[in-house]
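Attaching a single structure in structure tokens format; questions to follow.
The values are calculated or read from the model by the stated rules, or taken from the named source; none is laboratory data. What you see is a predicted model, and the numbers here were worked out from it, not measured in a lab. With ideal geometry, Cβ positions are generated from the backbone for all residues, glycine too; neighbour counts draw on all protein chains shown. With ligands, DNA and RNA removed, areas are computed over all heavy atoms of the protein, side chains included. Shrake-Rupley method; radii C 1.70, N 1.55, O 1.52, S 1.80 Å.
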Amino acid sequence: MATEPEGVSENWSGYMASPNSDSGFSSVSGAWTQPTAKCSAGEATYSAFWVGLGGGSEASDALEQAGTQADCTADGQAVYYAWYELVPSAPVKLALKVSPGDSISTRVSVTGDQVTVSVSDRTTGQSVTRTLTMSDATPDTSTAEWIAEAPSACAGGSTEQCTPLPLTDFGTVKFRDALATADGHTGSISDSHWTSEAVELSPQDTNGLIGGGGGFYGHRPAALEETDGSSGGAAPTSLTSGGSAFTIKYDTKTSSSTSSGSDGYGGEGYGYAPGGYGGYGSYYGYGSYYGYGYGYGAYGYGAYGYGGGYPMY
């Protein structure tokens, strides 16, 4: 079990687990305190906090996730909301008011092609649960994740023109009660029934995301403004509370100790940057970044000019 960052990502920070059997996970859950977005006028920034299943391998073509957002508009206003997303379908904004400091609890479970997502605000006592059928793809249960993310935008529908969006300065976010279930067994991130790795978000060259087929997905923001590219990073601490808790810290100059080589793709092993998916018209795409041989990383995607608003339930 890893207790220090091993993977380097341009989009994700947190922990990812892979089961030791081929059956996959049936559920993932976690809780966190909604961070306060530190906003100032001049540039829009984005951050998402979520738990999910799937999307953690090059072969993935689906991801089931739910969580909250803390964004900043270009005029310095903070925006908070809850959402779920069943990639490759578009995200859905939930009718659940979220405020900084609220205690958020989220669970995603999969049975066949049925996905149940639940987001609860323990502070207000309000919650939303939806059971949905995935029709655009088969649910991916090969990995479980607990993530803080900086989404990315791919202009012109080309996965060769992906740019991570600026990460909102969220200070810190502490994940707790982080659990997953596989083969009827429920355990924390560090449970011996699966292998887990930490992921550090470390922005690289904004032109460095390489497209290709396959997975590594993330959440796309509810509204997207023009930005100048990615800024800021984040890194998870070691696990505590029996492997069920950790803290992710925002850092304006996070650098990875696990990537090497002048081009940032790893000086040893097979570091590479697959990921890439075209869809939703001409402005969506995905990218990923691998570092230092065994590492894994960048997940996420973004959107330019997503037409219309999101359904609200």
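Can you give me the accessible area per residue for region 20-68, using a 1.4 Å probe, in Å²? Write out the running numbers ahead of the final one.
On the way: 1430 Å² over 49 residues.
In whole numbers, region 20-68 has 29 Å² accessible per residue.
Take every Cα-Cα pair in region 26-123 and report what % of them are more than 24 Å apart.
On the way: 1267 of 4753 pairs.
Roughly 27 percent, once rounded to a whole number.
Computing the accessible area with a 1.4 Å probe over protein heavy atoms, can you report the carbon and sulfur percentage for region 39-198?
Working: 2400 of 5450 Å².
Ligands and nucleic acids excluded, carbon and sulfur reach 44 percent.
How high is the relative contact order of region 2-111, given as a whole-number percent (alpha carbon pairs under 8 Å, six or more residues apart)?
Working: 209 pairs, mean separation 32.5, N = 110.
Computed over region 2-111, the figure is 30 percent.
What net charge do the residues around E64 carry, taking every other residue with its C-beta under 13 Å from that of E64, with Lys and Arg at +1 and Asp and Glu at -1? Before the final figure, lay out each step's value.
Details: positive: R107, R130; negative: D61, E85, D113, D136, D140, E145.
Combined, the nearby Lys, Arg, Asp and Glu give -4.
Let me ask something else about it. Report the label-to-label distance for K174 and A95 in nanometres (one decimal), using points 7 Å from each Cα along the Cα→Cβ vector.
3.4 nm
Which FRET efficiency value, to the nearest 0.05, is calculated for T123 and D22 with the Förster distance at 41 angstrom and r the Cβ-Cβ distance? It would help to have the intermediate numbers written out before the result.
Working: r = 39 Å, r/R0 = 0.96.
Plugging the Cβ-Cβ distance into 1/(1 + (r/R0)^6) gives 0.55.
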